[in-house]
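S.K.: For reference, the structure I am asking about is given below.
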Amino acid sequence: MALTQVSANKCAGGFQKVFEHDSTELKCKMKFAIYLPPKAETDKCPVMYWLSGLTCTEQNFITKAGSQLAAAEHGIIIVAPDTSPRGCNIEGEDESWDFGTGAGFYVDATQDPWNSNYRMYTYITEELPKLINANFPTDLDKMSICGHSMGGHGALICALRNPGKYKAVSAFAPICNPIQCPWGQKAFSGYLGPDKSTWEAYDATVLAASYSGPQLDILIDQGRDDQFLSAGQLLPDNLIGACSDKKIPVVFRLQPGYDHSYFFIYSFINDHLKHHAKYLNA
């Protein structure tokens, strides 16, 4: 699969690059960002996948989160894909900010007209890692996943649905129980249809309740002043309860004064890279 380099910037001793490719799963051109630490010039490196939230592209994380210094220090490649297919000319794809473009919700849609393009789950878990491993100096056995908001939901479901695939998982302000919140109900109705039993495969709280696999240590940071926490969109207590019942270790940190923005992510990203490095560099 051919990659076209869109940009390259020296950063923290390594390179922050953006590439474009034709996606077979999504049937459109897709961009992803990749940070290559200095270590990648001579050695294979583990990979952390970052999944962004609603309305984001591959740009938000690489320009706002400040992850590159810690990634350079720990020798971790960071891959940050886009959040949905783009330019598919599906009627209604650009009508709202929380559904369609920029809001793929990391599911494989089953409903017409979304099901031919909106296959972000398979793109993130299968197509993209194959592409990255074929083109960059990756340690094939060592990958992890992290994300924010809708992307935190994505990271959690990818880890919980694929025991052992990801060595670590963490999230910032994730949508923890989408079948119970307005964002999730809107997205799942559109992408997955009215049968709510099909929604459960993409709900971290439901998946945690039935998880059986290697131990997964989950790190979650949540801003206490996050407007979406108080609006009932994130529901972390539901996930923590499910993990507690299954004895899945969760470090949940409620951070006073912080909101839902990248200022919050920037403040704690180093802790997350350290969490991932502990497992990726073991």
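The values are calculated or read from the model by the stated rules, or taken from the named source; none is laboratory data. Fair warning: this is a prediction, and the values are worked out from it, not measured in the lab. Counting neighbours? That spans all protein chains shown, and the Cβs are built from the backbone with ideal geometry, glycine included. Heads up: the accessible areas ignore ligands, DNA and RNA and are worked out on the full protein's heavy atoms, side chains in. Shrake-Rupley method; radii C 1.70, N 1.55, O 1.52, S 1.80 Å.
S.K.: State in Å² the accessible area per residue of the range 113-199; use a 1.4 Å probe, count heavy atoms of protein chains only, and round to the nearest integer.
M.R.: 30 Å²
S.K.: Once you've got the Cα coordinates, tell me which of LYS39/LYS274; LYS142/LYS196; LYS246/LYS278; LYS31/LYS278; LYS165/LYS274 are over 26 Å apart.
M.R.: Exceeds cut-off: LYS142/LYS196; LYS31/LYS278.
S.K.: Could you tell me the distance between the Cα centroids of the range 230-275 and the range 19-64, to the nearest Å?
M.R.: Cα centroid to Cα centroid, the span is 23 Å.
S.K.: Within straight cross-link reach of LYS29, meaning Cα distance under 23 Å, which lysines are found once same-chain residues fewer than 8 apart are removed?
M.R.: Leaving aside lysines fewer than 8 places away in the same chain, those within reach of LYS29 are LYS17, LYS130.
S.K.: Would you compute, from DSSP H runs of 4+ residues alone, the mean residue ellipticity of the chain at 222 nm, taking -39500 (n - 2.57) per run and dividing by the full residue count, rounded to the nearest 500?
M.R.: Details: 9 runs with 83 residues, N = 282.
Estimated from H runs of four or more residues: -8500 deg cm²/dmol.
S.K.: I would also like to ask the following. Give me the percent of DSSP beta bridges within the chain that run antiparallel, rounded to the nearest 5.
M.R.: In the chain, DSSP labels about 50 percent of beta bridges as antiparallel.
S.K.: How much net charge surrounds ALA282 when only the other residues with a Cβ under 10 Å from the Cβ of ALA282 are counted, with Lys and Arg +1 and Asp and Glu -1?
M.R.: +3
S.K.: Now for a different question. What distance in nm lies between label points placed 7 Å from Cα along the C-beta direction at GLU126 and VAL251?
M.R.: About 3.4 nm separates the two model spin labels.
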